[in-house]
1. Identify, by number, the condition in (1) at pLDDT 80 or above; (2) of a type in the set (D, E, K, R); (3) surrounded by fewer than 22 Cβ atoms within 10 Å (Cβ to Cβ) that Glu125 doesn't meet.
2. Do you know which residues across the range 67-117 are within 24 Å of the chain's Cα centre (by Cα) and among the β-branched types (Val, Ile, Thr)?
3. Take the residues in the range 28-50 that are at pLDDT below 80 and assigned to a helix (DSSP H, G or I); name whichever of them is surrounded by the most Cβ atoms within 10 Å (Cβ to Cβ).
4. Pull up the range 69-96, narrow it to residues that are in a strand (DSSP E or B) and hydrophobic (A, V, I, L, M, F, W, C), then point me to the one that is nearest to Arg57 (Cα to Cα).
5. State all residues of the range 243-262 that are in a helix (DSSP H, G or I) and over 22 Å from Ser217 (Cβ atoms); if no residue qualifies, say none.
6. List every residue pair whose Cβ atoms lie under 6 Å apart, where the two residues are 6 or more positions apart in sequence or sit on different chains, the first residue falls within the range 170-194 and is more than 23 Å from Asp266 (Cα to Cα) and without any contact (Cβ under 8 Å) to a residue 40 or more places away in the chain, and the second residue, located anywhere, is part of a loop (DSSP other than H, G, I, E, B) and among the β-branched types (Val, Ile, Thr).
7. Could you say which residue among Ser217, Ser233, Ser224, Ser177 is touching a helix residue (DSSP H, G or I) at 6+ places or on another chain (Cβ under 8 Å), of a type in the set (S, T, N, Q) and modelled with pLDDT under 80?
8. Being within 29 Å of Ile201 (Cβ to Cβ) and among the hydrophobic types (A, V, I, L, M, F, W, C): is that true of Ile109 here?
Amino acid sequence: MERKALGKGISALIPTRVEDSGKRIANLSLSLIRPNPFQPREDFNLESMEELVQSIREKGIIQPILVRPKGEFFELIAGERRLRAANILQLKEVPAIVKEVNDQDSLEIALIENIQRKELNPIEEARAYQYLIEKFGLTQDEVSEVLGISRVSVTNTLRLLKLPAEIQEEIKNGRISFAHGRALLELSDTNLQRRLVQDIIAKSWSVRELESMIKTSRPRLTTSRMRIRISTSDPLTKIMEEQLQQTLATKVRITKKKKRGSIVVDFYSQEDLERLVQKMRGEIKI
């Protein structure tokens, strides 16, 4: 029954009535509160924190934080920003709801609070979903039900973790959007993904512009090309193909039939073509 309550939101977990079973309100010394090891949020906006500090300075902490007993101390479950603000203001104690929960519930509650307040970036969300799946054995359907979000949203967010680490970092920093990242997943070539990210940032591409570029950049695998790939299987040709790919930093295919053949070099933009021409003129001697 508690699993269904989780999807209804943080209010289902932090009631206003103290009499609820297993919960009590207390003013806790800051020295007794330990951080939440399952906190999914990694980045905190400084401007937003300054506003919260000012609000607490003027009006105090209106909504208690949520903690659970942990030996002689209390471990934070929800209310990370309020606790940080209290530390900045050097308050001696904070109002807290004390609740007995396990590790899984602690992560779920922290996730719900951050998601409802839209305080997690897509990569933080994805890593939290992945942790629920790997650590606690939840399926994507169960994550969806527990957090009260659609299964499609869970799946699409998790897919972002397939992107190279540096692209994930750009999403975390807000330099490219969740939708940009999802569009990039249509490409299997990570080098091409990286080049397109540079263009998204430098040229302020919209998602639609990116999708249009992806359509023109995606190699078309025809039946004849499949036959060509099969025919270039001799070891020496393969070695030369790999050497060219390393030198030019792009896809290269050598087609060989008896004594004749061709070399196909892929490029993905006008700038990329100019780079390849300069590279060939400077490093490849014919």
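1. (3)
2. Residues satisfying the conditions are Ile77, Ile109, Ile112, Ile115.
3. Met49
4. Restricting attention to the range 69-96, the residues satisfying the condition of being in a strand (DSSP E or B) are 69-70, 73-78, 93-96.
In the following step, the residues that additionally are hydrophobic (A, V, I, L, M, F, W, C) were identified as 73-74, 76-78, 94, 96.
Details: Phe73: 26, Phe74: 24, Leu76: 21, Ile77: 23, Ala78: 20, Val94: 13, Ala96: 18 Å.
Selected residue: Val94.
5. Within the range 243-262, the subset in a helix (DSSP H, G or I) is 243-248.
Within the range 243-262, just Gln243 meets the criteria.
6. Pairs found: Glu170/Ile176.
7. Numbers: Ser233 fails: touching a helix residue (DSSP H, G or I) at 6+ places or on another chain (Cβ under 8 Å); Ser224 fails: touching a helix residue (DSSP H, G or I) at 6+ places or on another chain (Cβ under 8 Å); Ser177 fails: modelled with pLDDT under 80.
Unique residue meeting the criteria: Ser217.
8. Details: within 29 Å of Ile201 (Cβ to Cβ): no; among the hydrophobic types (A, V, I, L, M, F, W, C): yes.
In short, no.
The values are calculated or read from the model by the stated rules, or taken from the named source; none is laboratory data. This one's a predicted model, so the numbers in the text were calculated from it and none came from an experiment. Here the Cβ is made from the backbone with ideal geometry for all residues, glycine too, and neighbour counts use every protein chain on show.
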